[in-house]
Amino acid sequence: MNPVNYLYLAALLFTIGATGVLVRRNAIVVFMCVELMLNACNLAFVAFSRMHGNLDGQIIAFFTMVVAAAEVVVGLAIIVSLFRSRHSASVDDASLMKL
Amino acid sequence: MSATAVHSLWTTAATAADPIARIDAPKIEYGQLSPVLIVIGAAIIGILVEAFVPRRSRYHAQMFVSAVALIAAFAAVVALAARGYGTTKAGITAMGAVAVDGPALFLQGTILLTSLVGLFTFAERRLDPEQHGTRVDSFAAQAAAVPGSESEQKAVKAGFTTTEVFPLLLFAVVGMLVFPAANDLLTLFVALEVFSLPLYLLCALARRKRLMSQEAAVKYFLLGAFASAFTLFGIALLYGYAGSMSYGTIAQVVDGTVQNVTPALANTTGNDALLLVGSALVVMGLLFKVGAVPFHMWTPDVYQGAPTPVTGFMAAATKVAAFGALLRILYVVLPGLRWDWRPVMWGVAIVTMLAGAIVAITQTDIKRLLAYSSIAHAGFILAGVIATTPSGISSVLFYLAAYSFVTIGAFAVVTLVRDAGGEATHLSKWAGLGRRSPLVAAVFAVFLLAFAGIPLTSGFAGKFAVFKAAAEGGAAPLVVIGVISSAIAAFFYIRVIVLMFFSEPRPEGPTVAVPSPLTMTAIAVGVAVTVVLGVAPQYFLDLAGQAGVFVR
């Protein structure tokens, strides 16, 4: 199969993730959409790695996974602390500082 | 390369006939990387201190470890620069991952000094009244406790303090040290995350106004993660374009001078869409960290909600690191593309300068006002970036050094002006401050004049250098717009000074806390650097001039 198709899939997943970040209102779902974007990047890295015949892209995919895991730890801690103090994880409710 | 040849890269089927070439151990130049290694070592020691040292002595232990590490790392940077690693012996270390050259060492030195001053404001424990017999700093007693709950009161009563902020600060510094020195895209991305993640956490740790602080952290985190996902996709596309993560190789492919184009690359190297979209996405992520206008929405909220010492540190050091990385991307990776990126950066710089200055006029909160002022300053620095000349690099380096000390000093002053609810950040409460405590108001006025770029302050020297470089680089219209928006910005800086000195103090106005020597040192360093760089900038301009050459 033509590896370019995987790139189209990666771009599609990335777009779905970015759209989700923009339209969804629950902080957890927004965060999941960011993770989808990171995974789309991983798919692109691996597809390019296959096309170029070098392993850099696959190594980077591992790094991305580790970074994403670290981001989950930090992000969930922040979102959970927000949820516990407000009983809501909606990003629309977080508006104390609007002008 | 055929499919079977590719597969042989990760299967062992071919080993019998065609053994895999010996893998050499990587060669790491520990000496040249020592500033980063010292700080990362201290950060790990800081975590061990958190785990093993009794609670009552943690604060002093953490303070000692962090201060010693930052000073030692700065000494290492100075030693490297003195041995010529910034000029003649500049080179690429750690198997092509990190560049040690003039701009990297200059920015690392700036970041380390700024962080040391930031550390002093983090450690300040005399501003709040004592709670249950313990001195408290600006950070939550227990970050996990729900604000206003019983568990929070228990934690306060027990005298808990969040000493984890010191290792978090050090980890953020590690990322910031590597960020402007990164010489491949993977290192760039990892450094970006290493300094962002601790900052997200630090934003959530305020002792007062905890809901606002948590909200700031969520906004910063979600938008920051969104921006870094875009950066990563840009990195993927650039990798697809050039077949390599290394800055040097990508630059060669962009220029078309690459020696060994493999047939496998022929599919993608001609594909300019990958290059243009990829570099746009990477630059976008960096502009987000810098706080340039289409990507600035997080800045005011995060600056306002975060604990003020964190805001000061973040505003100063993040900007230095992010502009360093932006300079390296634009000057080392994409110089062959400059006819494409210059018009875009022109637009970004113009919108950033004008929007930052104009929106700042309407602000009523001092921290938000400084946030919009930092956006306007990002625009001024971008004008120097656009110059694409050696003097452009050195003027940006000088501006960053001058700006970071002014910023950290200004936010340190903001921590001093307090009322019953903590810091009194609303501008109306600052009315008549000059009558009540002339010294603090005068110091803040010095910082505001430096922001405005009045002669004899570092702000003037920096702005002059940047605008001169931009004009010589053929961006004269940008300089005109820069001067106009400086004038607009001067209006609201002067308005705050007028408010402090020429209006009657309110009877229920805030008091000015008497800080410990820590914050006093931070503010004194800020004033000293502002005045010295303003009165006698030549030595430092020369230093930045010597440092203004990137290694390729």
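The values are calculated or read from the model by the stated rules, or taken from the named source; none is laboratory data. None of the values given here were measured: they were computed from a predicted structure. Note that we place each Cβ from the backbone using ideal geometry, even for glycine, and neighbour counts take in every protein chain shown.
Of the residues that sit in the stretch B:219-232 and are more than 7 Å from every other protein chain (Cβ to nearest Cβ) and hydrophobic (A, V, I, L, M, F, W, C), which one is farthest from B:D301 (Cα to Cα)?
The selected residue is B:F230.
Within the stretch B:178-185, is there a residue that is surrounded by fewer than 23 Cβ atoms within 10 Å (Cβ to Cβ) and either touching a residue at least 40 places away in the same chain (Cβ under 8 Å) or hydroxyl-bearing (S, T, Y) (or both)?
No, there is no match, as no residue in the stretch B:178-185 is surrounded by fewer than 23 Cβ atoms within 10 Å (Cβ to Cβ) and either touching a residue at least 40 places away in the same chain (Cβ under 8 Å) or hydroxyl-bearing (S, T, Y) (or both).
Could you tell me whether any residue of the stretch B:507-522 is within 9 Å of B:L433 (Cα to Cα) and part of a loop (DSSP other than H, G, I, E, B)?
Yes - at least one qualifying residue is present in the stretch B:507-522.
Any chance the stretch A:60-81 includes a residue that's in contact (Cβ under 8 Å) with a residue 12 or more places away in the chain, more than 7 Å from chain B (Cβ to nearest Cβ) and outside any helix (DSSP H, G or I)?
No, that holds for no residue.
Tell me, which residue of the stretch B:206-218 that is more than 7 Å from chain A (Cβ to nearest Cβ) and surrounded by 24 or more Cβ atoms within 10 Å (Cβ to Cβ) is nearest to A:D93 (Cα to Cα)?
Restricting to residues being more than 7 Å from chain A (Cβ to nearest Cβ) and surrounded by 24 or more Cβ atoms within 10 Å (Cβ to Cβ), the top hit is B:A216.
Condition test on B:T519, is it of a type in the set (S, T, Y) and within 22 Å of the chain's Cα centre (by Cα)?
Yes; evaluated as a whole, the condition is true for this residue.
Being in a helix (DSSP H, G or I) and either touching a Gly at 6+ places or on another chain (Cβ under 6 Å) or not small (G, A, S) (or both) is the filter; apply it to the stretch A:82-99 and report the residue that is farthest from the other protein chains (Cβ to nearest Cβ).
Out of the qualifying residues, it is A:F83.
Residue-wise test of (1) touching a Pro at 6+ places or on another chain (Cβ under 9 Å); (2) at pLDDT below 95.
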site	(1), (2)
A:E35	no, no
A:L38	no, no
A:A47	yes, yes
A:L55	no, yes
A:V66	no, no
A:L82	no, yes
A:H87	no, yes
A:D92	no, yes
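Just to be sure, is B:G118 over 22 Å from B:Y200 (Cα atoms) and either touching a residue at least 12 places away in the same chain (Cβ under 8 Å) or hydroxyl-bearing (S, T, Y) (or both)?
No, not satisfied.
Can you pull out every residue in the stretch B:147-182 that is away from chain A (no Cβ under 14 Å) and on the phi > 0 side of the Ramachandran plot?
Selection gives B:G159 alone.
Which of the following residues is more than 15 Å from the chain's Cα centre (by Cα) and in contact (Cβ under 8 Å) with a residue 60 or more places away in the chain: A:R50, A:R25?
Unique residue meeting the criteria: A:R25.
Being at pLDDT below 95, under 24 Å from B:I358 (Cβ atoms) and part of a helix (DSSP H, G or I) is true for just one of B:L448, B:L478. Which residue is that?
Exactly one of B:L448, B:L478 is at pLDDT below 95, under 24 Å from B:I358 (Cβ atoms) and part of a helix (DSSP H, G or I), namely B:L478.
Specify the residue that is surrounded by the most Cβ atoms within 10 Å (Cβ to Cβ); the eligible residues are those in the stretch B:324-376 that are over 30 Å from B:L499 (Cα atoms) and of a type in the set (F, W, Y).
Among those residues, the one meeting the criterion is B:Y331.
Looking at the stretch B:451-474, which of its residues are hydroxyl-bearing (S, T, Y) and assigned to a helix (DSSP H, G or I)?
Scanning the stretch B:451-474 gives a single hit, B:S458.
Just for helices (runs of 4 or more DSSP H) wholly inside the stretch B:127-234: which have at least 3 residues that are under 17 Å from the mean Cα position of the chain (by Cα) and over 20 Å from A:H87 (Cα atoms)?
Filter on the stretch B:127-234 gives B:165-178, B:185-203.
How many of the residues in the stretch B:516-533 are under 17 Å from B:F398 (Cα atoms) and either touching a Gly at 6+ places or on another chain (Cβ under 6 Å) or crowded, with 22+ Cβ neighbours inside 10 Å (or both)?
Going through the stretch B:516-533 one residue at a time, the tally reaches 4.
Given A:S49, A:S90, which one is crowded, with 19+ Cβ neighbours inside 10 Å and of a type in the set (S, T, Y)?
Of the residues listed, the single one that is crowded, with 19+ Cβ neighbours inside 10 Å and of a type in the set (S, T, Y) is A:S49.
Given B:L185, B:L199, which one is within 26 Å of A:L96 (Cβ to Cβ) and within 11 Å of chain A (Cβ to nearest Cβ)?
Being within 26 Å of A:L96 (Cβ to Cβ) and within 11 Å of chain A (Cβ to nearest Cβ) holds for just one of B:L185, B:L199, which is B:L199.
Where the second residue is β-branched (V, I, T) and not in a helix (DSSP H, G or I) and the first is under 15 Å from B:I92 (Cα atoms) and within 12 Å of another protein chain (Cβ to nearest Cβ) and lies in the stretch B:233-257, which pairs have Cβ atoms under 8 Å and are six or more apart or on separate chains?
Filtered contacts from the stretch B:233-257: B:T249/B:V258.
Being out of contact with any Phe, Trp or Tyr (no Cβ under 7 Å at 6 or more places or on another chain) and under 30 Å from B:I235 (Cβ atoms) is the filter here, so list the residues in the stretch B:131-184 that pass it.
Residues satisfying the conditions are B:P167, B:L168, B:L170, B:F171, B:V173, B:V174, B:L177, B:V178, B:P180, B:A181, B:A182.
Looking only at the stretch B:284-306, which residues are in contact with a Leu (Cβ under 6 Å, 6 or more places away or on another chain), crowded, with 24+ Cβ neighbours inside 10 Å and at pLDDT below 95?
Matches in the stretch B:284-306: none.
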